Amino acid sequence: MVRPKWAPTPKPSCRVVETSGLVLASASPRRQQLLTDAGIDFDVAAPNIDEVAVGDGLPPIDYVRAVAAAKADATRGERVLAADTIVVHQGRILGKPENRNRARAMVLSMSDSTAQVVSAVVYRNGGDVRTETVTTVLTLRGLSPAEVHDYVKTGAADDKAGALSVQDGAAQFVTNIDGCQTNVFGLPMCKVHELLGLNTADCCN
């Protein structure tokens, strides 16, 4: 994973973590890399759910919590970690773009404004289920159609919430991040550490 200059760097105190039996309910390479960087052992399962159908008509916070819960419910295992992340702009959920024309339109709509990256993380440990929600605010500078076109044509926006892949090119559009930085990559690691009962003091921003 390529880290922008403001991205958190894993620290040695995060490297020895006993989490045997944990299943990550996500095929996202970004989430897998964040857990690996934190020294957390896990297996991977990719639940097959219709995210749009699960969250249809719900406001942003309820949407992301419902989708994360559905991912956890669809995954076998005693200890399951599931997450969902969306981008919200002017109160509207920007989902994954259907095509690159839509991706360009999404990114341009956020020019010279702020957007919220909202994640829900669900941790199921036996019969105990806990959910945490995190919001990070991104400030985007003014964008030109040409630079957005160049970004989208790389494929970095494909299948990304809000067509924003900060770790793969969209960092050039972001002037400020207010809140958890790893949330922007799809997994707020401080909340993950809290849910897993691990020490967060030296691990996350």
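The values are calculated or read from the model by the stated rules, or taken from the named source; none is laboratory data. Just so it is clear, the structure is predicted and the values come from calculations on it, not from any experiment. Cβ coordinates were reconstructed from backbone atoms using ideal geometry, including for glycine residues, and neighbour counts include every protein chain displayed.
Restrict the check to segment 107-128 and report whether at least one residue is aromatic (Phe, Trp, Tyr) and farther than 23 Å from ASP73 by Cα. Even if it seems obvious, please write down each step before you answer.
Within segment 107-128, the first condition is being aromatic (Phe, Trp, Tyr), and the residues that meet it are 123.
If we keep only those that are farther than 23 Å from ASP73 by Cα as well, we get none.
No, segment 107-128 contains no residue that is aromatic (Phe, Trp, Tyr) and farther than 23 Å from ASP73 by Cα.
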In segment 91-120, anything assigned to a loop (DSSP other than H, G, I, E, B) and either at pLDDT 95 or above or surrounded by 21 or more Cβ atoms within 10 Å (Cβ to Cβ) (or both) is listed as PRO97, ASN99, MET110, SER111, ASP112
When you go through (1) assigned to a helix (DSSP H, G or I); (2) in contact with a Lys or Arg (Cβ under 9 Å, 6 or more places away or on another chain) one by one for TYR123, which number turns out not to apply?
(1)
Where LYS191 falls short, out of the listed (1) touching a strand residue (DSSP E or B) at 6+ places or on another chain (Cβ under 7 Å); (2) in a loop (DSSP other than H, G, I, E, B)
(2)
Pairs with Cβ under 7 Å, 6+ apart, first in segment 122-149 and over 25 Å from VAL192 (Cβ atoms), second of a type in the set (Val, Ile, Thr) and not in a strand (DSSP E or B):
LEU143/VAL107; VAL148/VAL107
If you take the residues of segment 157-176 that are surrounded by fewer than 18 Cβ atoms within 10 Å (Cβ to Cβ) and part of a loop (DSSP other than H, G, I, E, B), which of them is modelled with the highest pLDDT?
ASP158
Hits in segment 53-63 - residues which are at pLDDT below 95, in contact with a helix residue (DSSP H, G or I) (Cβ under 9 Å, 6 or more places away or on another chain) and either assigned to a helix (DSSP H, G or I) or small (Gly, Ala, Ser) (or both):
VAL54, GLY55, GLY57
